[in-house]
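Below is one structure; the comments refer to it alone.
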Amino acid sequence: MPTRREFIRNSAGAMAGIAFVGCDLLAARDAQAQAGGRRREVVVSGRRVKTVDVHAHCAVPEAMALMGLKVEPQSLIMGQDRIRAMDEQGIDVEALSINPYWYKAERDLARTLIRIQNEKLAELCASRPERFVAFATVALQYPDLAAEQLEEGVKKLGLRGGSIGANVAGEELSDPKFHPFWAKAEQLGCLIFIHPQGGTAGFEQRLRGNGGLGNVIGNPLDTTIALSHLIFEGTLDRFPGLKVCAAHGGGYLPSYAARSDAGCVTFPERCAKVRLKKRPTEYLRQLYYDSIVFTPEALRHLVAEVGSGQIVMGTDYPFPWMKASVDHILNTPGLSDAERAAMLGETASRLLGIKS
């Protein structure tokens, strides 16, 4: 394994050879310049703000092929449309993540798959460091291996944290078996991005039918359950230094969090197994959340529940949930200019080590 310095030196300018198939971002930059395209610059109170998207997806085809999978949609493969879309939306930096599809892979396959993914992510980021950073992928079904992969990704490959699912093949992230991973994440001081796994165990039958409920309801519910277990099982007490960011505004939890407090008051015996150091709602203010909550009122409420300093911008690109994430923050009433600037990129830059 080369050192981080050697890796970056060898990777610089290597975009055309990366197996994010069919793309050359350097050529895309040149093509855009020739076409007269211009990046939208975001200004708050007369000051240029660097914007950071913490929720942007991609895929590595050769890694997926190891499990007999193909990339869908094709826009997950990094191509010239990616930077064009970023420029149009006013996104300066994307923090790339890959949704886990490997949690049932056996250990050797998982090790190989993750190595390929993380090295490709690192190569991409090294070739365009002003536009991309990335979260390391980890085989969390093997917590000891996942801890090693996270450390290697952060220390050797220059990745900025880790991305994980909201459950691991039906197992909760609060299970003690995952403590080695959480301990390593706390030690490294890096951000862990939690993304739902596409539906929630036990709800598949009820979420069938029209409306795409497995995604519309199931995804936020998956995140809600994961965060609630991390709170009530004492994981956040055991590892108080963790930096965790939850996709989709934390699911439903911030919208109905007071019921968590009320439950322990109404039925104290149900909260007696693990003695928490704080009220359940107090833990919400030590977590981070992306801004994908769709309406100004929803964003205002999220700020009221968790604090503006805990919210970072997300787009869910290339999935068209939020095509105007910058404007969503700029146009939400009641926010100060300092709060807008923090959500647009300042908080994420601090968490991810992005230079201003």
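When the chain is treated as a GNM with alpha-carbon contacts under 10 Å, the residue of 223, 235, 112 showing the greatest mean-square fluctuation is 112.
Between residue 337 and residue 70, full extension at 0.36 nm per residue minus the direct alpha carbon distance yields a gain of 91.8 nm.
Figure the gain on full extension for residue 155 and residue 169 (residue separation times 0.36 nm, minus the Cα-Cα span) and round it to one decimal in nm. The partial results should precede the final answer.
Numbers: separation 14, 0.36 × 14 = 5.04 nm, distance 2.77 nm.
Here the segment from residue 155 to residue 169 would lengthen by 2.3 nm.
Over all alpha-carbon pairs in the chain, figure out the percentage whose distance exceeds 35 Å. Tail fraction, whole percent: 20. Taking amide H positions as modeled 1.01 Å from N, with prolines and chain starts lacking one, the residues under 5 Å from residue 192 and 5 or more places away or on another chain are 162, 243, 244, 245. For residue 120, a cut-off of 18 angstrom between C-alpha atoms picks up these aspartates and glutamates, skipping any fewer than 8 places away in its own chain: 6, 24, 62, 94, 130, 148, 151, 152.
For region 128-198, the equivalent ellipsoid built from the Cα gyration tensor has semi-axes of 21, 14, 9 Å, listed from largest to smallest. Using +1 at the C-beta of Lys and Arg and -1 at the C-beta of Asp and Glu, which of 234, 298, 61 has the Cα lying farthest in the positive direction of the dipole of the chain? Looking along the dipole axis, the top candidate is 234. Take the Cβ atoms of residue 279 and residue 301, set R0 to 22 Å, and the FRET efficiency comes out at 0.70.
Let a ≥ b ≥ c be the square roots of the eigenvalues of the Cα gyration tensor of region 278-356; is it rounded (a/c under 1.5), or, if not, prolate (a/b larger than b/c) or oblate?
Values: a/c = 1.43, a/b = 1.19, b/c = 1.20.
Rounded, because the longest to shortest axis ratio a/c is under 1.5.
Eigen-decomposition of the gyration tensor built on the alpha-carbon atoms of region 32-152 gives equivalent ellipsoid semi-axes of 31, 16, 11 angstrom, largest listed first.
Kindly provide the GluC sites (Glu not before Pro) of region 129-191 that DSSP labels as loop, not H, G, I, E or B, and whose Cβ sees at most 14 other Cβ atoms within 10 Å.
130
The distance linking region 280-352 with region 71-97 is 20 Å (Cα centroid to Cα centroid, whole angstrom). Here residue 323 is the anchor, and the lysines within straight C-alpha reach of less than 19 Å, apart from those fewer than 8 places off in the same chain, are 50.
Shape verdict for region 169-306, please, from the Cα gyration tensor: rounded (a/c under 1.5), prolate (a/b greater than b/c) or oblate. Note, shape of region 169-306 comes out rounded. Secondary structure note: in the chain, about 15% of the DSSP beta bridges are antiparallel.
Tell me the mean residue ellipticity at 222 nm calculated for the chain from its helices only (DSSP H runs of n ≥ 4, each -39500 (n - 2.57), averaged over every residue, nearest 500).
Values: 15 runs with 137 residues, N = 356.
That comes out to -11000 deg cm²/dmol.
With the cut-off at 21 Å, tell me which of the pairs 155/184; 243/273; 243/277 have Cα atoms farther apart than that. Too far apart for the 21 Å limit: 243/273. Applying the criteria of a DSSP loop state and at most 13 other Cβ atoms within 10 Å to the chymotrypsin sites (Phe, Trp or Tyr not before Pro) of region 237-337 yields 256, 294.
Ranking 75, 260 by solvent-accessible area of protein heavy atoms (1.4 Å probe, all protein chains present), from largest to smallest, gives 75, 260.
Residues 243, 184, sorted by accessible area with the largest first, give 243, 184 [1.4 Å probe; ligands and nucleic acids excluded].
The values are calculated or read from the model by the stated rules, or taken from the named source; none is laboratory data. Source: prediction; values computed, not measured. All Cβ positions, glycine included, derive from the backbone under ideal geometry; neighbour counts span all protein chains shown. In case anyone asks, the SASA skips ligands and DNA or RNA and just uses the protein heavy atoms, side chains included. Shrake-Rupley method; radii C 1.70, N 1.55, O 1.52, S 1.80 Å.
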